[in-house]
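One structure is given below, encoded as structure tokens.
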2 protein chains.
Amino acid sequence: MKLLKERIMRDGKCFEGGILKVDSFINHQMDPILMKSIAVEFVRRFASTDINKIITIEASGIAPAIMTGYLLELPVVFAKKKKPVTMENMLTTTVYSFTKNRNYDICVSKDFLRKGDHVLFIDDFLANGNAAKGIIDLVNQAGATLAGMGFIIEKAFQHGGEYLRNAGVRVESLAIIDSLDNCEIKIR
Amino acid sequence: MKLLKERIMRDGKCFEGGILKVDSFINHQMDPILMKSIAVEFVRRFASTDINKIITIEASGIAPAIMTGYLLELPVVFAKKKKPVTMENMLTTTVYSFTKNRNYDICVSKDFLRKGDHVLFIDDFLANGNAAKGIIDLVNQAGATLAGMGFIIEKAFQHGGEYLRNAGVRVESLAIIDSLDNCEIKIR
């Protein structure tokens with residue numbers, strides 16, 4: 001996706017340790033016009049796919065997911081990172097965060113992820129793929145079907161994409177970063 | 001907003017302790033078409049207001065905020081509930097959560113909330129108004145101007161709206177709940 005790649009090269013910032021900051025347009029301040037273009041591209045890439053629901057994880061996945069759901073006129077569910085006090089009836093799994101070096105739980109209500117659902121997972125980043133693995137676990141627990149996974153940015157050198165594709169998951173990443181070595185952004 | 005009020009009466013669920021659950025269409029599973037209609041209504045209500053940025057708080061505020069930012073073609077910033085490890089240069093304030101009975105910090109980068117900004121705050125719920133007060137503190141710390149605050153649902157009996165309006169804030173709530181006594185939803 002040319003527009004996105006150009007924006008990453010222009011406004012993305014690279015830091016030691018393979019960190020790419022895109023917080024001026026994707027995951028802290030967000031550019032809603034770009035988000036809509038991103039959603040259009042997800043719609044295009046998953047055009048031939050049977051989907052009845054979008055799923056994402058709070059918080060940075062919500063903007064691209066709601067835009068994609070809006071275009072496709074499909075409900076959007078976001079998995080929560082803490083079990084809300086007012087919610088029973090949840091599916092839960094544990095995700096290891098590489099960035100934060102700790103485990104956290106994600107959960108989704110059994111009312112909104114069910115047997116028979118064909119879900120498209122949308123998120124901002126694919127790195128080690130741990131959040132994606134958590135979603136796969138929730139989808140399996142629900143007896144639902146994973147139709148595909150769409151990411152705005154994939155960090156190929158962290159191998160989550162390799163794992164998911166080898167596991168047979170349909171993965172679409174709109175910008176693939178091959179390397180951030182020497183704080184230089186190399187996009188495929 | 002008639003469509004929203006009807007939806008709350010149809011799909012909202014009331015629980016002991018003044019809890020209104022709208023997690024089938026607003027804050028867990030989301031209806032993107034309704035979110036767009038909500039955003040259109042925010043645009044209409046703040047039509048005469050000088051705004052250059054939308055601000056919200058993760059996670060449930062992001063969907064209505066990104067839709068409003070999309071319609072107005074304005075950047076959207078979401079305040080984060082934990083200081084990210086990769087972020088310096090943050091404005092921070094402490095918010096007391098009535099629902100969870102604990103304090104949490106919210107923060108926003110000084111790069112994205114600045115002197116000269118005229119911000120519209122968008123969120124899903126206005127109850128005690130503690131999150132809104134936190135945002136006011138961040139806006140003041142930044143030397144920015146608060147143009148207004150828009151909420152999908154206001155629980156009038158928890159008096160956050162009263163506090164904000166008395167403090168001179170322009171508040172627009174699309175559905176105002178007068179009472180949830182005896183688990184019966186009374187909308188104004």
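Taken together, the values in this text are just the output of simple stated rules run on the coordinates, not laboratory data. All figures in this text were calculated on a predicted structure; none of them were measured in a lab. Cβ atoms come from the backbone with ideal geometry, glycine included; neighbour counts cover every protein chain shown.
Taking every residue in B:29-40, how many Cβ atoms of other protein chains lie within 10 Å of its Cβ, on average? Present the calculation step by step, with values, prior to reporting the outcome.
On the way: counts 12, 12, 7, 14, 5, 0, 5, 2, 0, 0, 2, 0.
So the per-residue partner count for this stretch is 5.
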* Asked: So how far, in whole Å, is the C-alpha centre of segment B:107-128 from the one of segment B:155-178?
  -> 17 Å
* **Across the identical copies, how the A:Arg10 labels are spaced - nm, sorted shortest first, 7 Å along Cα→Cβ** => 4.2
* To do: For A:Lys110, list long-range residues whose amide hydrogen, built 1.01 Å from N in the peptide plane, is under 5 Å from its own amide hydrogen.
  => A:Met90, A:Leu91
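What percentage of all Cα-Cα pairs in segment A:2-187 are separated by more than 21 Å?
Numbers: 8223 of 17205 pairs.
That tail contains 48 percent of the Cα-Cα pairs.
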* **Candidate lysines for bridging to A:Lys100, where Cα separation is under 18 Å - those fewer than 8 sequence places away on the same chain excluded** => A:Lys21, A:Lys80, A:Lys81, A:Lys82, A:Lys133, A:Lys155, B:Lys80, B:Lys81, B:Lys82, B:Lys83
* To do: Order the peptides B:181-188, A:176-183, B:155-162 from the highest to the lowest mean number of other Cβ atoms within 10 Å of their residues.
  => B:155-162, A:176-183, B:181-188
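Fewest Cβ neighbours within 10 Å first, please rank A:Phe15, A:Phe151, A:Phe98 accordingly.
Details: A:Phe15 11, A:Phe151 27, A:Phe98 14.
So the residues, fewest neighbours to most, are A:Phe15, A:Phe98, A:Phe151.
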* To do: Compute the signed sum of charges (Lys and Arg +1, Asp and Glu -1) over the other residues within less than 11 Å, Cβ to Cβ, of B:Leu74.
  => -2
* Could you tell me which Cys residues in the protein assembly as shown have no other cysteine's Cβ under 4.7 Å from their own Cβ, answering none if every one has a partner? => A:Cys107, B:Cys107
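How high is the relative contact order of segment A:2-187, given as a whole-number percent (alpha carbon pairs under 8 Å, six or more residues apart)?
Numbers: 353 pairs, mean separation 37.0, N = 186.
In percent, rounded to a whole number, it is 20.
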* Note the distances from A:Phe157 to each other copy's matching label point, with points 7 Å along the Cα-to-beta-carbon direction, in nm, sorted shortest first. => 5.7
* Asked: Which whole number gives the average, over all residues in B:172-178, of C-beta atoms from other chains lying within 10 Å of the residue C-beta?
  -> 0
* In the protein assembly as shown, if every C-alpha pair distance is counted and binned at 10 Å from zero, what percent goes to each bin? -> 5, 24, 35, 26, 9, 1, 0
* Nonlocal amide H pairs with B:Ser97, under 5 Å, H built at 1.01 Å -> B:Arg102, B:Asn103, B:Tyr104
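Calculate the mean, over all residues of peptide A:18-28, of how many other protein chain Cβ atoms lie within 10 angstrom of the residue's Cβ.
On the way: counts 0, 2, 1, 3, 0, 8, 5, 1, 0, 3, 14.
That average works out to 3.
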* Structure fact -> For B:Glu73 and A:Cys183, extending 7 Å from Cα along the Cα-Cβ vector and measuring point to point gives, in nm, a value of 3.5 nm
* Applying 1/(1 + (r/R0)^6) with R0 = 25 Å to the Cβ-Cβ distance of A:Ser37 and B:Asn103, what FRET efficiency is obtained, to the nearest 0.05? -> 0.05
* What residue among A:Asn52, A:Asn103, A:Asn140 has the largest mean-square fluctuation in a Gaussian network model of chain A, using Cα springs under 10 Å? -> A:Asn103
* Structure fact -> Two pseudo-spin positions, 7 Å from Cα along C-beta at A:Ser48 and at A:Glu162, lie apart in nanometres by 2.7 nm
* For label points placed 7 Å from Cα toward Cβ, what is the shortest-first list of nm distances from A:Asp111 to its copies? -> 3.9
